[in-house]
1. Kindly check whether there is at least one residue in the stretch 47-61 that is touching an Asp or Glu at 6+ places or on another chain (Cβ under 7 Å) and either open to solvent by less than 70 Å² (accessible area, probe 1.4 Å) or assigned to a helix (DSSP H, G or I) (or both).
2. Count, please, the residues in the stretch 115-126 that happen to be assigned to a strand (DSSP E or B) and over 12 Å from Ser59 (Cβ atoms).
3. It is to be established whether one or more residues within the stretch 83-92 are buried (at least 17 other Cβ atoms within 10 Å of the Cβ) and of a type in the set (A, V, I, L, M).
4. Please list, ordered by first then second residue, the pairs with beta carbon atoms under 9 Å, 6 or more apart or interchain, first in the stretch 1-26 and under 22 Å from Ser49 (Cβ atoms) and in contact (Cβ under 8 Å) with a residue 40 or more places away in the chain, second among the aliphatic types (A, V, I, L, M) and open to solvent by less than 90 Å² (accessible area, probe 1.4 Å).
5. Give Ile73, Ile112 a once-over and let me know the one that is part of a loop (DSSP other than H, G, I, E, B) and within 26 Å of Glu5 (Cα to Cα).
6. Does any residue of the stretch 143-154 turn out to be free of Cβ contacts under 8 Å to residues at least 12 places away in the same chain, part of a helix (DSSP H, G or I), among the basic types (Lys, Arg) and under 25 Å from Ser8 (Cβ atoms)?
7. Can we say Leu27 is closer than 20 Å to Val3 by Cα and out of contact with any Gly (no Cβ under 6 Å at 6 or more places or on another chain)?
8. When you scan the stretch 94-125, how many residues do you find that are closer than 22 Å to Tyr51 by Cα, open to solvent by 40 Å² or more (accessible area, probe 1.4 Å) and touching a residue at least 40 places away in the same chain (Cβ under 8 Å)?
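The values are calculated or read from the model by the stated rules, or taken from the named source; none is laboratory data. Keep in mind that what you see is a predicted model, and the values were worked out from it rather than measured. Here the Cβ is made from the backbone with ideal geometry for all residues, glycine too, and neighbour counts use every protein chain on show. Surface areas here come from the heavy atoms of the whole protein model, side chains and all, with no ligands, DNA or RNA. Shrake-Rupley method; radii C 1.70, N 1.55, O 1.52, S 1.80 Å.
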Amino acid sequence: MRVYEYDSAVYSRKVTTTGVFCALILLYSVYSLFFGNNMILWIGAGIISFYTVWETFISLSNPSKVIVDADSITFCAYGREHRYLWSEIERFKVKEFTGARKLFVRINKAGILRGRYWVNCYYFNDTDLLYKYIVDREYLIHPTSLKARARETGERDREEMAEKRKKKQEEAEKRQAEKQARKEARKKSGK
């Protein structure tokens with residue numbers, strides 16, 4: 001079993017504080033709808049803040065801990081967890097944001113209550129291991145997907161390019177050695 005945990009100070013600041021702030025905006029939006037003016041503004045603010053509160057506290061879309069083992073993957077936050085057995089997962093789709101080391105994971109029929117997770121690997125311990133594990137798991141579950149075929153082709157192309165570079169390097173070294181040998185032969189014949 002492997003446990004990956006979000007840096008707790010960063011999680012509090014980036015996820016929890018944002019969720020609490022949006023909850024306050026939601027409450028103020030509801031209040032302003034009844035006692036204020038500019039209803040369109042407060043309806044918009046209410047919808048956006050409701051969505052953020054829902055994603056943060058209800059659907060656990062921003063987990064603070066990811067636990068993986070041979071049998072399952074578990075996403076945890078705020079004392080709750082969503083556990084998925086690998087044997088029961090039919091659909092495991094990952095949207096990669098490589099530069100940010102962030103993943104959007106959708107499991108089975110992802111809905112509004114569970115199945116959609118933003119895994120910001122950059123802030124988890126063992127960033128690269130978690131990122132690679134989740135991405136590789138998608139390829140294991142969907143080996144014939146277009147994304148998996150593109151990855152295989154890319155890996156094959158990289159191997160071919162590395163082979164060509166190595167061959168060119170060997171040829172250049174061979175030419176350099178021949179050139180050096182001719183130069184030395186001319187020196188000897190000139191003396």
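1. Within the stretch 47-61, one or more residues are touching an Asp or Glu at 6+ places or on another chain (Cβ under 7 Å) and either open to solvent by less than 70 Å² (accessible area, probe 1.4 Å) or assigned to a helix (DSSP H, G or I) (or both).
2. 3
3. Looking through the stretch 83-92, none of the residues is buried (at least 17 other Cβ atoms within 10 Å of the Cβ) and of a type in the set (A, V, I, L, M).
4. Tyr11/Ala77; Val15/Ala77
5. Ile112
6. no
7. no
8. Final tally of qualifying residues: 5.
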